[in-house]
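Undergrad: Pasting in a structure now, in structure tokens, and then I'll have a few things to ask.
The values are calculated or read from the model by the stated rules, or taken from the named source; none is laboratory data. Everything numeric in this text was worked out from a predicted model, so none of it was measured. No Cβ is skipped: glycine too gets one built from the backbone with ideal geometry, and neighbour counts run over all protein chains shown.
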Amino acid sequence: MTSNQKAETSSILEQLREEIAARREALISTTCDLLAIPTLNPPGQHYRDICDWLDRRLQKSGFQTHLLRATGTPGDSDKYPRWNIIARHEGKQPGQTVHFNSHTDIVTVGEGWTKDPFGGDREGDIIWGRGACDMKGGLAASIIAAEAFIARFPDYHGAIEISGTADEETGGYGGVAWLAEQGWFNPQRVDHVIIPEPLNKDRICLGHRGVWWAEIETKGRIAHGSMPFLGDCAVRHMGAVLEEMEASLFPLLASRTTEMPVVPEQARQSTLNINSIHGGLPVPEAGYTGFPSACVPDKCVITIDRRYLMEEEPDRVRGEIEQMLDKIKSERPGFDWEIRELWQVHPSMTEKDAPVVGAVGRAIEAVMGQPPDFVVSPGTYDQKHIDRIGKLKNCIAYGPGILELAHQPDEWISIKDMMDSAAVMGLTLADLLIPQTGG
Ligand SMILES: [Zn+2]
């Protein structure tokens, strides 16, 4: 960067800071209004209400809006329709399109709250609420950033889009996945995508690890529990699977490291979680006071959640589990198994030299005074659909909020963090949508 460009950047930043500071109260009320709409998912409540709110709000700021229902996607019904909104503001000249995508759904409230999860409780710099950091605070920051930018630089080139989408917390099939299938996310209509998930205001999240969920079932034969030798215990067979996992699979996965900068650092390897285990008689209903009957379990099932790396072959993830089960089968009389795949998402990681990474990185450096950290998320988010379905590789997550607070009781967001992030987002828009005059 030349000294001319540097001076220009700091003058633009100063102007944006002024506009954002003037909108501090609007930022707070936007956040609290969004928090007051309880968009709990599951089951997917109030999607239409939050879209209507965003519709009114963004139309007032000169955006053209589209309300889109993902009819027929998982969970969509007349009682719980999957509504999404895409809003677009056109610049004065043709140019690139920058898109901010936020999910509008929140997870269940859960126990342990000392604040009202929907009341917009506020003290000093902090606003509490379910979804404050994940991710209504990020959505509010992107709205304020766009409004501040448009007010000060109305002659910009290109377009700005803001979307509020459904169902991220349950896979995104009634939200970004569906929109990508309908052609809303593709390189022909959008150039840069920023997802304001709470990855901290000074970090750029390039993508996420892959996921493979599956059920493993071991087979047995039912018999009277007093004569177990007449049956075959599926739970003991599953015991052999768990033993083999401890002896060979877990150490093998832990030894697989990655170039992906996953945070937290313990996730910088392959991992496997045993999500659940069920075998034998079902758990009796609450209140049932009888005794169990004596039976040898004929079936045992575990659900596994395997997270994998860019460096791993997706097919091998399943293959090595099958190999392990075959090995047990060759050694253990009566052992038989079955795998049912539940779902799979490949890893996604945007290149560090992608244009949106460069623009947001320069903006973070100007606002925060130091270059960004590059991170990768241990779990997935909607980037997978933009990458895989939309074929739009120029996509990152960047937004205010502390990742670890997501889904916790007393979730909160800092107003200062939202304002700093809004400055980064505004400066990113300037970088991408104002033609260079300096140099
Ligand atoms: Zn989120």
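Undergrad: Just give me the residues in the range 180-227 being of a type in the set (D, E, K, R) and under 21 Å from V301 (Cα atoms), in sequence order. I'd like the intermediate steps shown before the answer.
TA: Let us first name the residues in the range 180-227 that are of a type in the set (D, E, K, R), namely 181, 189, 191, 197, 201-203, 209, 215, 217, 219, 221.
Correct list: E215, E217, K219, R221.
Undergrad: Okay, next question. Can you tell which of L35, L16, L54, L58 is in contact with a Gly (Cβ under 6 Å, 6 or more places away or on another chain), closer than 19 Å to F153 by Cα and either at pLDDT 95 or above or assigned by TED's automatic domain parsing to the domain that holds V107 (or both)?
TA: Being in contact with a Gly (Cβ under 6 Å, 6 or more places away or on another chain), closer than 19 Å to F153 by Cα and either at pLDDT 95 or above or assigned by TED's automatic domain parsing to the domain that holds V107 (or both) holds for just one of L35, L16, L54, L58, which is L16.
Undergrad: A further question on this structure: Just give me the residues in the range 36-87 being of a type in the set (S, T, Y), under 23 Å from the mean Cα position of the chain (by Cα) and not in a helix (DSSP H, G or I), in sequence order.
TA: Taking the range 36-87 first, the residues of a type in the set (S, T, Y) are 39, 47, 61, 65, 71, 73, 77, 80.
Still in the list and also under 23 Å from the mean Cα position of the chain (by Cα): 39, 47, 71, 73, 80.
Passing the criteria: T39, T71, T73, Y80.
Undergrad: Name every residue in the range 180-236 that is among the aromatic types (F, W, Y) and surrounded by fewer than 18 Cβ atoms within 10 Å (Cβ to Cβ), in order of residue number. Spell out the reasoning first.
TA: Of the range 180-236, the ones among the aromatic types (F, W, Y) are 184-185, 212-213, 229.
Result: W213, F229.
Undergrad: Still on this model: If you scan the range 180-204, which residues turn out to be over 22 Å from D431 (Cβ atoms) and within 15 Å of the ligand (Cβ to nearest atom)?
TA: P198
Undergrad: Given (1) under 23 Å from G225 (Cβ atoms); (2) surrounded by 12 or more Cβ atoms within 10 Å (Cβ to Cβ), where does V317 come up short, assuming only one miss?
TA: (1) is the only condition that V317 fails.
Undergrad: Next question, about the same structure. For residues that are within 16 Å of the ligand (Cβ to nearest atom), out of contact with any helix residue (DSSP H, G or I) (no Cβ under 6 Å at 6 or more places or on another chain) and either of a type outside the set (S, T, N, Q) or not assigned by TED's automatic domain parsing to the domain that holds S102 (or both), tally how many sit in the range 404-439. Break it down into steps so the answer makes sense when it comes.
TA: Filtering the range 404-439 for residues within 16 Å of the ligand (Cβ to nearest atom) gives 404-408, 411-413, 417-418, 421.
Adding the requirement that they be out of contact with any helix residue (DSSP H, G or I) (no Cβ under 6 Å at 6 or more places or on another chain) leaves 404, 407-408, 417.
Retained after the next criterion (residues that are either of a type outside the set (S, T, N, Q) or not assigned by TED's automatic domain parsing to the domain that holds S102 (or both)): 404, 407, 417.
Matching residues across the range 404-439 total 3.
Undergrad: Follow-up. Grab the strands (runs of 3 or more DSSP E) fully contained in the range 344-439, keeping just those with 2 or more residues being touching a residue at least 24 places away in the same chain (Cβ under 8 Å) and surrounded by fewer than 23 Cβ atoms within 10 Å (Cβ to Cβ).
TA: On the way: elements: 373-377, 395-397, 412-414.
Result: 373-377, 412-414.
Undergrad: Pairs please, first residue from the range 238-256 and assigned by TED's automatic domain parsing to the domain that holds T271 and more than 15 Å from R316 (Cβ to Cβ), second anywhere and outside any helix (DSSP H, G or I) and of a type in the set (G, A, S), Cβ atoms under 9 Å, 6+ apart in sequence or on different chains.
TA: M238/G279; A254/S270
Undergrad: If you check S29 against the conditions, is it in the same structural domain as W412 (by TED's automatic domain parsing), without any contact (Cβ under 8 Å) to a residue 12 or more places away in the chain and part of a loop (DSSP other than H, G, I, E, B)?
TA: Values: in the same structural domain as W412 (by TED's automatic domain parsing): yes; without any contact (Cβ under 8 Å) to a residue 12 or more places away in the chain: yes; part of a loop (DSSP other than H, G, I, E, B): no.
No: the conditions fail for S29.
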